[in-house]
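S.K.: Take this structure first; my questions come after.
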Amino acid sequence: MPASFTNAGRHIVEEDEIKLTSVGIDIGSSTSHLVFSRLEMKQEGTRYVVKRRAILSESEILLTPYLDDLTIDVAALGKFIERQYERARLKRDDVDTGALILTGVAVRRRNARAIADLFAAEAGRFVSVSAGDSLESTMAAHGSGAAAESARSGGACMNVDIGGGTSKIAVCVNGRVREVTALDVGARLIVLDGNGVVTRLEEAGRFFAQAAGLNLTLGEKIDRSKLPLMASLMADRLFEIISLKSLSGETRRLLRISPLSYREKIDAITFSGGVSEFIYNHHPGDFGDLGALLAAEVKQRVEQLGIPVREPAAKIRATVIGASQYTIQVSGSTIFVDPIDAVPVRNVPVVVPDFSFDGDEIDPAAVKGAIGRALARLDLTAAKQPVAIAFHWDGSATFARLQAFSTGVKEGLEKILAKGFPLTLVSDGDIGGILGLHFKEEMDFPHPVISIDGIALSEFDYIDIGALIPSSGAVPVVIKSLIFPASTERGA
């Protein structure tokens, strides 16, 4: 299986290890920052995995600049980004690959398009991800190390990411994110200048202010003595969720996605996001918001739960530190593409549903359900883009098993396929050709099919599948993987 390093044209097959300079860029409603890293990757089986990572430079933390309530000042943001490259003593061409993560207001179409223009030259090398509440919660769970903690301990670890506008909660079990939710609780729902004048006010901030007896108006000075009560009310709503209790009507109105249904034991808690810097006593400073007050309320309440608190390696920076990238060439005998013009496709997010291939029979409803849960966890249910379903096939490939699996996949991806996107399947076993044929010949499947085997993929991978090479029938596949900070450290 010949393979080449995407950017330098080197042959991976001739060297066991490759090294990359990568950047992670996180632009959110409240803060923006970058981290530059050196990644060392080693070949294991059909993919390359990161064996060592070193932080080259962490940027300053920027309070995301705005022109108005919803429009980010992209010119100011661009100057900040250029300054961080200079601080890291790196040029744009020095960076092999990276990840641009947009959250909150940054995801809005006008903002996202303008921000993407800042990285137009890197478009082919960067993964660009617009993260909604579910994906942001999932990424924070991995970035904070909560997912790794649950794998290491064998217990359930909850990550609570408290940012400027929202709080995201994820329950991790056995190294996987089981459930997520999010609500409108955050440090910067209200922002004051040095004179106590309101300079920013979110709708949820107005809700909590009224509950605390404050009638807030932009541009007016407020009574600071009521702010601790606001923070206490926010913590009350947040801990209804953290303690896995039944939710009050007030808390349900603040939810941004479905509530948690998980009701089993939580063995450890980690905190990430901007407010976590206060929770772990790192004293980042006074930003004219409720960060310190909210952290104090959280610390008091979490002690009463009696659940061990772990301090993560990454807190406000609990997001990607960049991306790895490499290319493999998949031979014509391991792929099925129909019609031929279904490729190329680019930056397709990989979904890894928790399929069960135990036993002689496969349950189509279980396959459909697993896909639905995976799509929801990664904010892909809106069917705005194609996805690639990655899986490891176990057992025989009888007609009945193929039919059941294919039926479940078809039903699980119904909304995405209805938009005209191709069905893309990637297996690490020898099933690609027969599965593609089954869809087309046995199921008379009307949509384009791309079915590839011999490649092991993971969640947070993104793939480019190139056009077929006529002389060999092979296709080049570029695999870009989001890289997260180190897992949790004991403490707190």
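S.K.: Tally up the residues in the stretch 116-152 that are open to solvent by less than 40 Å² (accessible area, probe 1.4 Å), closer than 13 Å to LEU102 by Cβ and over 18 Å from the mean Cα position of the chain (by Cα), please.
M.R.: Selection size over the stretch 116-152: 1.
S.K.: Kindly indicate the residue of the stretch 84-103 that is in a loop (DSSP other than H, G, I, E, B) and touching a residue at least 60 places away in the same chain (Cβ under 8 Å) and also nearest to TYR326 (Cα to Cα) among those meeting that condition. Steps first, please.
M.R.: The initial filter retains those residues of the stretch 84-103 that are in a loop (DSSP other than H, G, I, E, B), namely 88-91, 95-96.
Right, trim to touching a residue at least 60 places away in the same chain (Cβ under 8 Å) and you get 90, 95-96.
Working: LEU90: 21, VAL95: 14, ASP96: 10 Å.
Across the stretch 84-103, the extreme among qualifying residues is ASP96.
S.K.: Exactly one condition in (1) open to solvent by 90 Å² or more (accessible area, probe 1.4 Å); (2) touching a residue at least 40 places away in the same chain (Cβ under 8 Å) is not met by ILE81; state its number.
M.R.: Of the numbered conditions (1) open to solvent by 90 Å² or more (accessible area, probe 1.4 Å); (2) touching a residue at least 40 places away in the same chain (Cβ under 8 Å), the odd one out for ILE81 is (1).
S.K.: If you go through the stretch 55-65, how many residues are surrounded by 16 or more Cβ atoms within 10 Å (Cβ to Cβ) and either without any contact (Cβ under 8 Å) to a residue 12 or more places away in the chain or among the small types (Gly, Ala, Ser) (or both)?
M.R.: So the answer is 1.
S.K.: Of (1) outside any helix (DSSP H, G or I); (2) surrounded by fewer than 20 Cβ atoms within 10 Å (Cβ to Cβ), THR319 satisfies all except one. Which?
M.R.: The number of the failed condition is (2).
S.K.: Another one. Considering each residue of the stretch 250-302, count those that are closer than 19 Å to GLU149 by Cβ and basic (Lys, Arg), and give that number.
M.R.: Selection size over the stretch 250-302: 1.
S.K.: Kindly list the number of the only condition in (1) within 25 Å of the chain's Cα centre (by Cα); (2) on the phi > 0 side of the Ramachandran plot that fails for ILE316.
M.R.: So the condition that ILE316 fails would be (2).
S.K.: In the stretch 335-354, which residue that is in contact with an Asp or Glu (Cβ under 8 Å, 6 or more places away or on another chain) and part of a loop (DSSP other than H, G, I, E, B) is most open to solvent (accessible area, probe 1.4 Å)?
M.R.: PRO344
S.K.: Against the condition open to solvent by less than 20 Å² (accessible area, probe 1.4 Å), in a helix (DSSP H, G or I) and small (Gly, Ala, Ser), how does ALA365 come out, does it pass? Break it down stepwise before answering.
M.R.: Details: open to solvent by less than 20 Å² (accessible area, probe 1.4 Å): no; in a helix (DSSP H, G or I): yes; small (Gly, Ala, Ser): yes.
Judged against the criteria, ALA365 is not a match.
S.K.: Of all residues in the stretch 104-118, which are out of contact with any Ser or Thr (no Cβ under 7 Å at 6 or more places or on another chain), without any contact (Cβ under 8 Å) to a residue 60 or more places away in the chain and among the hydrophobic types (A, V, I, L, M, F, W, C)?
M.R.: ALA114, LEU118
S.K.: Looking at PHE278, PHE287, PHE271, PHE357, can you tell me which residue is touching a Gly at 6+ places or on another chain (Cβ under 9 Å), surrounded by 21 or more Cβ atoms within 10 Å (Cβ to Cβ) and among the aromatic types (Phe, Trp, Tyr)? Give the derivation first.
M.R.: Working: PHE287 fails: surrounded by 21 or more Cβ atoms within 10 Å (Cβ to Cβ); PHE271 fails: touching a Gly at 6+ places or on another chain (Cβ under 9 Å); PHE357 fails: surrounded by 21 or more Cβ atoms within 10 Å (Cβ to Cβ).
That would be PHE278, the only listed residue that is touching a Gly at 6+ places or on another chain (Cβ under 9 Å), surrounded by 21 or more Cβ atoms within 10 Å (Cβ to Cβ) and among the aromatic types (Phe, Trp, Tyr).
The values are calculated or read from the model by the stated rules, or taken from the named source; none is laboratory data. Only a predicted model underlies this, so the values are computations on that prediction, with no experimental measurement involved. Cβ atoms come from the backbone with ideal geometry, glycine included; neighbour counts cover every protein chain shown. Only protein heavy atoms, including side chains, enter the accessible area calculation; ligands, DNA and RNA are left aside. Shrake-Rupley method; radii C 1.70, N 1.55, O 1.52, S 1.80 Å.
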